[in-house]
Structures are given as structure tokens and as C-alpha cells.
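The block underneath contains the structure these notes are about, expressed in C-alpha cells.
The values are calculated or read from the model by the stated rules, or taken from the named source; none is laboratory data. Being a predicted model, the structure only gives us computed values, none of them experimental. Here the Cβ is made from the backbone with ideal geometry for all residues, glycine too, and neighbour counts use every protein chain on show.
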Amino acid sequence: MKQYKYVNHLSRRNQMARLIWGISCGLLFRPTPRWALNGWRCTVLRLFGAEIGTGCRIDPKVRIWAPWNLSLGDYVALAEGVDVYCVSRITIGSKVTISQRSFLCTASHETTSLNRPLIHAPIRIGDHVWVAAEAMIQPGVVLHEGAVVGARAVIRRDVPAWTIWAGNPAREVGKRRIAEQATQISSEQQRAR
């Protein structure tokens, strides 16, 4: 059975940093009230290497595996219970909402080996994306600008810009049309007449 023992390929330095982060998170991040100290939570994350833009809202019950692998643009909301499993880099654009209990997962285990080595790939989320409640985004996925991921959807491949995806496995169920854009196009068409 020894030949099938799981081997952790992450460095001791990485493991030690995660230990220090876990203790700090438990003492300085999680105990803060949801309605206050958001700036404090952002500061704590920045101290651990996270890149966080202005106006971000991060719930104290968000789970972040390694803040140094997280980059948020401006006005990003990470809701209660979001699991940010950032073994690899997670880059989130601006004006993005990640709803309650969603799972951003950059790592898994190789299924072709009984040793189950850890494999990982980054996740990129463009501007104006909405990931609805309890959705799962798998390793290596890119959610392009304006995409919407429906509640409890499982995203296994890249999502094109301004599309709506739902289901398990997720598939495209529609196009996202913004009311302001439709009004602007309609006004331009009327002027052209």
C-alpha cells in the first residue's frame, strides 16, 4: 500500500504560509461582523499578498485558500460562504458578483494515477460577470466579460462573453442583453430613420 500513498508536492514554504494564513484568518478575518469592517478584511488579505481593487465587498465567511493567489478588480462582491480554492491564481475583473456558497476551484487530483497527485490550473473571470449561488467553476476555466453562470451550474469549460449558462454540466441557455444597451441601440436606430 505504500506505493499508493499520496505525496504532497506543495513546498514546505507554501504549507507554512497557509498555516500562518489560517491562524490569522481565524483571528483577524472571520470574527468580523458582516455589516462592518469590510475595509479591515481587505487590508488583512492585502497583507497576505492579495491584490484587491477599490469598493470590493468580502463577506467574513468567505474561505480563501491562499490570498497571495487572488486578484480582484474594482467593485467585486464575494458573498457569504464562497469557497476560493486558489491553489493556482484566480483573477477576477471589475464589477463582478460571486454569489453565496459558490466554489471557485483551481485544483483537483489526477484520476489516472492511484497516487492521486494534485493538478491545478488558474481561473480567470472577466468584468461584469455574475456567478449565481452554489455554482462551481472548475480548474482552467475562463468566464469572459458579461457572462452569467446560473445557480448550481457546474462550469467545466470556457464561457463566451455575454452568454448565460446553467445546468450540470452547464450549457449555454441564452444571451445576456443589457437594457441600457438595448435602449441605446433603439435610439440610434430611430435617429438613423
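Can you say whether residue 22 is exposed (fewer than 11 other Cβ atoms within 10 Å of the Cβ) and either among the polar types (S, T, N, Q) or modelled with pLDDT of 95 or more (or both), as far as the supplied structure shows?
no
Yes/no per residue for (1) touching a Pro at 6+ places or on another chain (Cβ under 7 Å); (2) aliphatic (A, V, I, L, M); (3) in a helix (DSSP H, G or I); (4) free of Cβ contacts under 8 Å to residues at least 24 places away in the same chain:
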{"residue": "10", "(1), (2), (3), (4)": "no, yes, no, no"}
{"residue": "14", "(1), (2), (3), (4)": "no, no, yes, no"}
{"residue": "36", "(1), (2), (3), (4)": "no, yes, no, yes"}
{"residue": "42", "(1), (2), (3), (4)": "no, no, yes, yes"}
{"residue": "68", "(1), (2), (3), (4)": "no, no, yes, no"}
{"residue": "71", "(1), (2), (3), (4)": "no, no, no, yes"}
Inset, instruction - Output the number of residues of the stretch 46-60 satisfying the condition of being assigned to a helix (DSSP H, G or I) and under 15 Å from the mean Cα position of the chain (by Cα). - result: 0
Legend entry - Odd one out for residue 103, checked against (1) at positive phi; (2) touching a strand residue (DSSP E or B) at 6+ places or on another chain (Cβ under 9 Å): (1)
Legend entry - Scope the stretch 31-62; condition of a type in the set (Lys, Arg), in contact with a helix residue (DSSP H, G or I) (Cβ under 9 Å, 6 or more places away or on another chain) and surrounded by 14 or more Cβ atoms within 10 Å (Cβ to Cβ); matching residues: 41, 57
Inset, instruction - List every residue pair whose Cβ atoms lie under 9 Å apart, where the two residues are 6 or more positions apart in sequence or sit on different chains, the first residue falls within the stretch 80-99 and is over 14 Å from residue 133 (Cα atoms), and the second residue, located anywhere, is part of a strand (DSSP E or B) and acidic (Asp, Glu). - result: 91/51
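Which strands (runs of 3 or more DSSP E) does the stretch 82-161 wholly contain that include 2 or more residues that are within 11 Å of the chain's Cα centre (by Cα)?
Numbers: elements: 83-85, 90-92, 103-105, 107-109, 118-120, 123-125.
By residue number, 83-85, 90-92, 103-105, 123-125.
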